[in-house]
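> I have a structure I would like to understand better, so I am pasting it below and will then ask my questions one at a time.
The values are calculated or read from the model by the stated rules, or taken from the named source; none is laboratory data. Small disclaimer: the values here were computed from a predicted structure and weren't measured. As a convention, Cβ positions derive from the backbone with ideal geometry for all residues, glycine included, and neighbour counts pool all protein chains shown. For the accessible areas, the whole protein counts, side chains as well, though only heavy atoms, and no ligand, DNA or RNA atoms are used. Shrake-Rupley method; radii C 1.70, N 1.55, O 1.52, S 1.80 Å.
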Amino acid sequence: MIDPDDFRRLLGHFASGVTIVTTSDPDGRPAGLTVSAFASLSLDPPLILVCVDHKSQSYPVLKDNHGFVVNILSTDHEALSRRFASTRLDKFDGVGYRLSPLGLPVLETALAHVECVTVSQHVEGDHTIFVGRVEGGATGAGEPLLYFRGKYKRIDGGSA
């Protein structure tokens, strides 16, 4: 079996978009984390998936909630991505968000957002795959933030 460091280096050659997945705890407090493992799954019905590490601070809240929002980040969101990838408890302090029709936090400056109801969860290794049925979303202007070989990038190949 491949060594974990070699595996990480190997998969680092696949450029991915960067998202922040948000949800709320039972008391309505927002929770969120940076996720690059996000993909479209089905058109009919409209399904997406996100993969979340079990060690993530937001994992228990996401696991126990009925839904989540995938906030797609733009090139000017590198600092926001780093913030939500950290273990800090005040991730939402000073971050503009609104509640979606499902009562889930949507980041106001996201390039796009996808609002989902959780339809299934699959535990695989040290992650859980969350499958969400898309209930709504919106898009904005700008270019996406990318992650490639351990660094933030832009479509034109420059650093973010």
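> Taking the square root of 5 times each eigenvalue of the Cα gyration tensor, what semi-axes in Å does the equivalent ellipsoid of region 30-122 have, largest first?
Working: eigenvalues 82, 48, 36 Å².
Ellipsoid half-lengths, sorted descending, are 20, 16, 13 Å.
> Moving to a separate point now. Report the Rg/Rh value for region 47-99, based on alpha-carbon coordinates and the Kirkwood definition of Rh. Could you put the intermediate results ahead of the total?
Details: Rg = 12.1 Å, Rh = 12.8 Å.
Result for region 47-99 is an Rg/Rh of 0.94.
> Would you work out the charge dipole size for region 1-112 about its Cα centre, treating the Cβ of every Lys and Arg as +1 and the Cβ of every Asp and Glu as -1, and quote it to the nearest 20 debye?
Working: 10 positive and 13 negative charges, 22 e Å.
So the magnitude is around 100 debye.
> Take the alpha-carbon centre of region 43-119, take the same for region 132-157, and report the distance between them in whole Å.
Taking the Cα centre of region 132-157 as reference, the centre of region 43-119 is 13 Å away.
> Using r as the Cβ-Cβ distance of D5 and I155, and R0 as 25 Å, what FRET efficiency do you calculate, to the nearest 0.05? Write out the running numbers ahead of the final one.
Working: r = 28 Å, r/R0 = 1.13.
For R0 = 25 Å, the calculated efficiency reads 0.30.
> Starting at 0 and stepping by 5 Å, how many percent of the alpha carbon pairs of the chain end up in each bin?
Bins of 5 Å from zero give 2, 9, 18, 22, 22, 16, 8, 3, 1, 0 percent of pairs.
> Let me ask something additional. In region 66-160, what trypsin sites (Lys or Arg not before Pro) fall in a loop by DSSP, with at most 16 other Cβ atoms inside 10 Å? Write down the numbers at each step before the final one.
Working: sites: R82, R83, R88, K91, R98, R133, R149, K151, K153, R154; in loops: R88, K91, R149, R154.
Hits after loop and neighbour filter: R88, R149, R154.
> Would you mind working out the accessible area per residue for region 1-154, using a 1.4 Å probe, and quoting it in Å²? Mind dumping the intermediate values first?
Details: 8570 Å² over 154 residues.
Per residue, region 1-154 has 56 Å² of solvent-accessible surface.
> Among the aspartates and glutamates, which have Cα under 19 Å from the Cα of K91 when same-chain residues fewer than 8 positions away are ignored?
D25, D27, D53, D76, E78, E108
> Which trypsin sites (Lys or Arg not before Pro) does region 1-78 hold that lie in a coil by DSSP with at most 16 other beta carbons within 10 Å? Present the calculation step by step, with values, prior to reporting the outcome.
Values: sites: R8, R9, K55, K63; in loops: K55.
Here the trypsin sites (Lys or Arg not before Pro) that fit, given the DSSP loop and packing criteria, are K55.
> Related question: In whole Hz, with x marking every Gly and Pro, tabulate ³J(HN,Hα) for region 76-92 from phi via Karplus 6.51 cos²θ - 1.76 cosθ + 1.60, θ = phi - 60°.
Whole-Hz 3J(HN,Hα) from phi for region 76-92: 8, 10, 4, 5, 5, 4, 4, 4, 7, 7, 7, 9, 4, 8, 9, 4, 8.
> Using a cut-off of 16 Å between alpha-carbon atoms, which lysines can reach K55, once sequence neighbours fewer than 8 places away in the same chain are excluded?
Straight-distance partners of K55: K63.
> With runs of 4+ DSSP H residues as the only contributors, calculate the mean residue ellipticity of the chain at 222 nm using -39,500 (n - 2.57) per run, divided by the residue total and rounded to the nearest 500. Mind dumping the intermediate values first?
On the way: 3 runs with 22 residues, N = 160.
Computed mean residue ellipticity for the chain: -3500 deg cm²/dmol.
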